[in-house]
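Single-structure report; data block below.
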Amino acid sequence: DAGITQSPRHKVTETGTPVTLRCHQTENHRYMYWYRQDPGHGLRLIHYSYGVKDTDKGEVSDGYSVSRSKTEDFLLTLESATSSQTSVYFCAISDSRGLGSRSYNEQFFGPGTRLTVL
Amino acid sequence: GENVEQHPSTLSVQEGDSAVIKCTYSDSASNYFPWYKQELGKRPQLIIDIRSNVGEKKDQRIAVTLNKTAKHFSLHITETQPEDSAVYFCAASLGGTSYGKLTFGQGTILTVHP
């Protein structure tokens, strides 16, 4: 497995509390991503980063914010957790291979964080 | 944006049989198509991928085919074994122009019966 860790691995919290999940990589990859995984929905992109302090929204970004102050760390914050944010959260990393329009990125996933919001 | 549809949602086979999972994508500019295997409670693992300039790729018992005209790609597993039981996800990407973002299918639960 690529050098990706996530913390915490499990968390139970109450509605309305702030939660921060951390993704740490030792691969020096440029790109980092946060996904959530829910039954019947596969993996959906929340936010992604294409460099230090460079982030953008994915398809399900409402209620989430991110920060990346160092290449190796990508934080996902739920400002005020809701029960609908109960999910398994995966971080992923990638780097570009190839050139120009033929470039592609192999993504590798972290071990995941199971979050329960009561 | 890109949309990826994956079928079937569940697939049950006998050990030794072949399994085929199919995906269609909507954006003709997509150029990279990976497949992930996820065992229960584990992270998705990249098992094979194909780029748009290739029609087929094999790696031992698994293969992927791509039909750019029809915008669909498929995963083929031959001589299935119980350890192939897992959830399989296909994905599509616009490549470097999209920061490597992936759009995933909904997943296929493959069960291989001994």
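Tell me, which residue of the stretch B:43-57 that is open to solvent by 60 Å² or more (accessible area, probe 1.4 Å) and within 8 Å of another protein chain (Cβ to nearest Cβ) is farthest from the chain's Cα centre (by Cα)?
Once the filter is applied, the top-ranked residue is B:Asn53.
With the structure loaded, tell me whether B:Ser9 is out of contact with any Lys or Arg (no Cβ under 6 Å at 6 or more places or on another chain), within 10 Å of chain A (Cβ to nearest Cβ) and either open to solvent by 60 Å² or more (accessible area, probe 1.4 Å) or modelled with pLDDT under 95 (or both) or whether it fails that test.
Answer is yes for this residue.
Can you tell me which residue within the stretch A:65-81, out of those that are in contact with a Leu (Cβ under 6 Å, 6 or more places away or on another chain) and within 25 Å of B:Gln106 (Cβ to Cβ), is farthest from the other protein chains (Cβ to nearest Cβ)? Even if it seems obvious, please write down each step before you answer.
Here is the first cut: in the stretch A:65-81, the ones in contact with a Leu (Cβ under 6 Å, 6 or more places away or on another chain) are A:66-67, A:76.
From what is left, the residues that are within 25 Å of B:Gln106 (Cβ to Cβ) are A:66, A:76.
Numbers: A:Val66: 14, A:Leu76: 16 Å.
Only one residue fits best here, namely A:Leu76.
Just checking, which of B:Lys22, B:Lys37, B:Lys71 is more than 8 Å from chain A (Cβ to nearest Cβ), open to solvent by 70 Å² or more (accessible area, probe 1.4 Å) and within 14 Å of the chain's Cα centre (by Cα)?
B:Lys22
Of all the residues that make up the stretch A:98-113, how many are in contact (Cβ under 8 Å) with a residue 12 or more places away in the chain and either exposed (fewer than 15 other Cβ atoms within 10 Å of the Cβ) or among the aromatic types (Phe, Trp, Tyr) (or both)?
The total comes to 2.
Does the stretch B:78-107 hold any residues that are in contact with a Lys or Arg (Cβ under 6 Å, 6 or more places away or on another chain) and crowded, with 20+ Cβ neighbours inside 10 Å, and which are they?
Within the stretch B:78-107, B:Ala86, B:Tyr88 meet the criteria.
Restricting attention to the stretch A:89-118, which residues are in a loop (DSSP other than H, G, I, E, B) and either more than 20 Å from B:Pro34 (Cα to Cα) or at pLDDT 95 or above (or both)? Show your work before the answer.
Let us first name the residues in the stretch A:89-118 that are in a loop (DSSP other than H, G, I, E, B), namely A:95, A:98-99, A:103, A:106-107, A:110-112, A:118.
The answer is A:Gly110, A:Pro111, A:Gly112, A:Leu118.
So which of A:Asp54, A:Asp95 is within 14 Å of chain B (Cβ to nearest Cβ), of a type outside the set (A, V, I, L, M, F, W, C), surrounded by fewer than 21 Cβ atoms within 10 Å (Cβ to Cβ) and touching a residue at least 60 places away in the same chain (Cβ under 8 Å)? If you could, list the steps in order and put the result at the bottom.
On the way: A:Asp54 fails: touching a residue at least 60 places away in the same chain (Cβ under 8 Å).
Answer to the check: A:Asp95.
Among the strands (runs of 3 or more DSSP E) contained in the stretch A:7-88, which hold 3 or more residues that are modelled with pLDDT of 95 or more and of a type in the set (Gly, Ala, Ser)?
A:64-70
The values are calculated or read from the model by the stated rules, or taken from the named source; none is laboratory data. Since the model is a prediction, treat every value here as computed from it, not as a measurement. Every residue, glycine among them, receives a Cβ derived from its backbone with ideal geometry; neighbour counts consider all protein chains shown. Each accessible area value is taken on the protein alone, full model and side chains, heavy atoms only, with ligands, DNA and RNA left out. Shrake-Rupley method; radii C 1.70, N 1.55, O 1.52, S 1.80 Å.
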